[in-house]
Amino acid sequence: MSKYFKIVIAVVCITSLLTACKKNDLPIDEDGLLITTRRECYVSNFELLGTDYITVRNGSAVIDTNAQTINVTVLFGTDLKNVYPQFSLATDCKLDPKIVGRVDFSDLANPKTYTVISGDRNIRKPYKVIIKF
Amino acid sequence: MRKQNYSFYFLCFLMLTIFAACQKSDYTIPSGVSGLSNDCIKRTLGPNIVSLPIEFAYAMAIPKIQGKLVSAQVEASIAGATGTYLEYRSFYTNTSGQDVPVTVGTPSVTDGKITKMSFTVDTIAATLRYFYIIPEEARGKTVSFTFSATSSDGKTVSYVMGPYTISKMDIKKNLAVSNANAQFISIADMAVYTSATGTAAKTDLVYLYRAAPTSFVHALVAPAADTVYLPGVTLLSGVKNNTKVSKVFNLQDRNLAALQYGIYVDDIDFIGVSLLDAPNYALGLKAEAGVWVETADRKYKAYIFVNSVNAAGSAVISMLRYTN
């Protein structure tokens, strides 16, 4: 009886060792973000906030995924030197350059460009943010 | 042999459990106050601003068998401004939820740094409120308070509170502004002027209301701003100050707004805020909005809070000013 008991214990231990959790070495990029297999790469929404964190948009931003442009009309009197842009991106995407604080959009003749990078980090799409009053 | 091993290990485990078990501690009755004693708490929160009060609650008590309370006093390290007093009434809350005063002494007398009151009824325990009106002399300095109580058996106890740092800020509440009337705001004077009473040199901001465009409404604009932000405004002749303005929302300073929010603007906030690249206008203001302001000569920074607005073209503002 004890001999069979020992055999059962040994089998259980060996099985546990073979099926134990394996550490997945998931790839991460230089920002510590996960690199996935997703290839979607687009801007789904755009917001622009003033220094009081209230929107300065006059209507919704018009996002053209084909032309890769974002057209925004802002309210009269908006101080474009101190605004906070907010991008909503496709799943797993990231933005370049990063937005770390207030941004100066006052140079209307030279719209700023932000690049969306897909989840697999292989696709890069620059979006031009065009602002009008 | 195997059965003996199991019994031995179990016995060891049992013994360890017994030795490590919780021990019941004997309850001891706490000892009561043996003589005249006191305690004190500071009731006011936020920065200590000149002209505003610092409120304390000073409690004193003596066992009945030993005597009664005779007097109480407070000595401040810097004499308080007019209006400083030590309450001579004790309060209780009635069944309707109202605080009802009971006179227990004579009105306090303030002589220099000392405010004193005397008990006129037999009292063995009382909590008195002390209101210290912060004087101009204390600006930027620290203030300490020594609370004292005396009893009929000749004993005296004291309690020291502080030191408390007094803010460099000034406060002005509930300034009425209106379109084409009381519209010229002076940060230096913390006042609002009309075209008849104001001067260009003192005008840091102009209040105006425009129904169109809808994003304009209530605005605070520097005299040096583009005229597109001053439609129909006749400025006072003279220098046009280029005051910097930056809009803020959700900063309902407790002293200015007197709302349910426990937020305070303090000296350190003025030190930290930078308005170098701020515009010289703020449009679309509404109730509970605010603006950080820096005068053209950079002598003053201010936080202006919009208490209320009226669609007819007026508003009530309150201001905190900080001297750089």
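The values are calculated or read from the model by the stated rules, or taken from the named source; none is laboratory data. These numbers come from a predicted model, not from an experiment. Neighbour counts run over all protein chains shown; Cβ positions are idealised from the backbone, glycine included.
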Tell me the residue from B:Ser148, B:Ser195 that is surrounded by fewer than 20 Cβ atoms within 10 Å (Cβ to Cβ) and modelled with pLDDT of 95 or more, please. B:Ser148
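Can you tell which of B:Asn307, B:Asn280 is at negative phi, within 13 Å of another protein chain (Cβ to nearest Cβ) and of a type in the set (S, T, N, Q)?
B:Asn280
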Say we look at segment B:1-58 and pick out the residues that are of a type in the set (Phe, Trp, Tyr) and at pLDDT 65 or above; which of these is nearest to B:Asp170 (Cα to Cα)? B:Phe56
So, of the residues in segment B:247-263 that are polar (S, T, N, Q) and away from chain A (no Cβ under 14 Å), which turns out to be farthest from the chain's Cα centre (by Cα)? B:Gln260
Please specify each residue of segment B:202-224 satisfying the condition of being at the interface with another protein chain (Cβ under 10 Å from one of its Cβ atoms) and surrounded by 22 or more Cβ atoms within 10 Å (Cβ to Cβ). B:Ala219, B:Val221
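Residue by residue through segment A:33-73, note down the ones that are within 14 Å of chain B (Cβ to nearest Cβ) and under 16 Å from A:Lys128 (Cβ atoms).
Initially, segment A:33-73 is screened for residues within 14 Å of chain B (Cβ to nearest Cβ), giving A:48-59, A:73.
Passing the criteria: A:Leu48, A:Thr73.
Quick check on B:Tyr229: is it of a type in the set (Phe, Trp, Tyr), assigned by TED's automatic domain parsing to the domain that holds B:Val206, out of contact with any Ser or Thr (no Cβ under 9 Å at 6 or more places or on another chain) and under 20 Å from B:Ile171 (Cβ atoms)?
On the way: of a type in the set (Phe, Trp, Tyr): yes; assigned by TED's automatic domain parsing to the domain that holds B:Val206: yes; out of contact with any Ser or Thr (no Cβ under 9 Å at 6 or more places or on another chain): yes; under 20 Å from B:Ile171 (Cβ atoms): no.
No; evaluated as a whole, the condition is false for this residue.
From the set of residues in segment B:225-245 that are β-branched (Val, Ile, Thr) and without any contact (Cβ under 8 Å) to a residue 24 or more places away in the chain, which is nearest to the other protein chains (Cβ to nearest Cβ)? Quick ask: steps written out before the conclusion?
So in segment B:225-245, the residues β-branched (Val, Ile, Thr) come out as B:227-228, B:233-234, B:239, B:243, B:245.
Going one step further and asking which of them are without any contact (Cβ under 8 Å) to a residue 24 or more places away in the chain, we end up with B:227-228.
Details: B:Thr227: 13, B:Val228: 8 Å.
Only one residue tops the list, namely B:Val228.
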Would you mention how many residues in segment B:255-286 are charged (D, E, K, R) and touching a Gly at 6+ places or on another chain (Cβ under 6 Å)? 0
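Looking for whichever is assigned by TED's automatic domain parsing to the domain that holds B:Leu69, surrounded by fewer than 19 Cβ atoms within 10 Å (Cβ to Cβ) and part of a strand (DSSP E or B) here; the options are B:Val143, B:Val102. Which one fits?
Values: B:Val143 fails: surrounded by fewer than 19 Cβ atoms within 10 Å (Cβ to Cβ).
B:Val102 is the lone residue from the list that is assigned by TED's automatic domain parsing to the domain that holds B:Leu69, surrounded by fewer than 19 Cβ atoms within 10 Å (Cβ to Cβ) and part of a strand (DSSP E or B).
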